[in-house]
1. If you check Ile112, Ile48, Ile100, which single one turns out to be farther than 30 Å from Met133 by Cβ and out of contact with any helix residue (DSSP H, G or I) (no Cβ under 6 Å at 6 or more places or on another chain)?
2. Mind counting the residues in the range 165-216 that are modelled with pLDDT of 95 or more and touching a Pro at 6+ places or on another chain (Cβ under 8 Å)?
3. Could you check the range 96-132 and list, in sequence order, the residues that are within 17 Å of the chain's Cα centre (by Cα) and in contact (Cβ under 8 Å) with a residue 40 or more places away in the chain?
4. Which residues, taken from the range 30-52, are at pLDDT below 95 and outside any helix (DSSP H, G or I)?
5. When you go through (1) at pLDDT 95 or above; (2) in a loop (DSSP other than H, G, I, E, B) one by one for Leu99, which number turns out not to apply?
6. What is the one condition in (1) buried (at least 19 other Cβ atoms within 10 Å of the Cβ); (2) part of a helix (DSSP H, G or I) that Asp92 does not satisfy?
7. Taking the range 40-70 on its own, how many of its residues are without any contact (Cβ under 8 Å) to a residue 40 or more places away in the chain and at negative phi?
8. Listed residues Thr169, Thr93, Thr79, Thr135; which is among the hydroxyl-bearing types (Ser, Thr, Tyr), outside the structural domain of Pro55 (by TED's automatic domain parsing) and within 23 Å of Val49 (Cα to Cα)?
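The values are calculated or read from the model by the stated rules, or taken from the named source; none is laboratory data. The model shown is predicted, which means the values in this text are computed figures rather than measured ones. Here Cβ is always computed from backbone atoms with ideal geometry, including for glycine, and neighbour counts include all displayed protein chains.
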Amino acid sequence: MRILIVEDEKKVASFIKKGLQQEGYAADTVYDGATAIDNAGAFEYDLIVLDLMLPGKSGLDVLREVRSKRPKVPVLVLTAKGAVQDKVTALDTGADDYLIKPFAFAELSARIRALLRRGTQETARLRLADLEMDTSSRQVRRAGQAIDLKLKEYALLEFLLRNVHRPVTRTMIVEHVWDIHFDSVSNVVDVHINSLRNKIDKGFQRSLIHTVRGVGYMLSDRPS
């Protein structure tokens, strides 16, 4: 999952980005409203963490623009503005959640997980056949057997599980699993897919990770 952090305090932005990366998310940081609007229009983020007090365009301006361009992307407002009217205004403008600074990273992380679950059919679990991912504990099992995944392997599998039976291109994978600095000409996607296959499919009768020739990859338990 790829997250955009819009925060003009660079130390706060760095703290959030580091914490999210340690949890396996890809995270981009921007420090002003205009750049936030540009990024939100150019990239398909899974969630946006948005400060309200920004240089140039305000957080509310960003929120309005995001809602016009990406109406479905979850937006979590993270701000020092704690008045009830500030919350009401942000939520009425289109925010999905509102967290006041100072904050505990564990709470921010939990709210992000909750927002990412909205609009899906699952609670904290993603499943396909005998493959199961618990997004709260970040545990993965197949046929009851625990599978140890590295951070990017986990992020890649989560993206595939959220797109079951749907072919996804390498570009789509890059946009959701790697951050803005990723070198898109490298073969790192194929390397991670092969590594994931060795852990998810090797030793099992049915393969779940399929190559879709000319397109990319697909996670499916249907006959190919």
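1. Residue meeting the stated conditions: Ile100.
2. Residues meeting the conditions: 0.
3. Selection gives Phe105, Leu108, Ser109, Ile112, Leu115, Leu116, Arg118, Gly119, Thr120.
4. Of everything in the range 30-52, those that are at pLDDT below 95 and outside any helix (DSSP H, G or I) turn out to be Phe43, Glu44, Tyr45, Asp46.
5. Unmet condition: (2).
6. All conditions are met except number (1).
7. Looking only at that region, the number is 16.
8. Thr135
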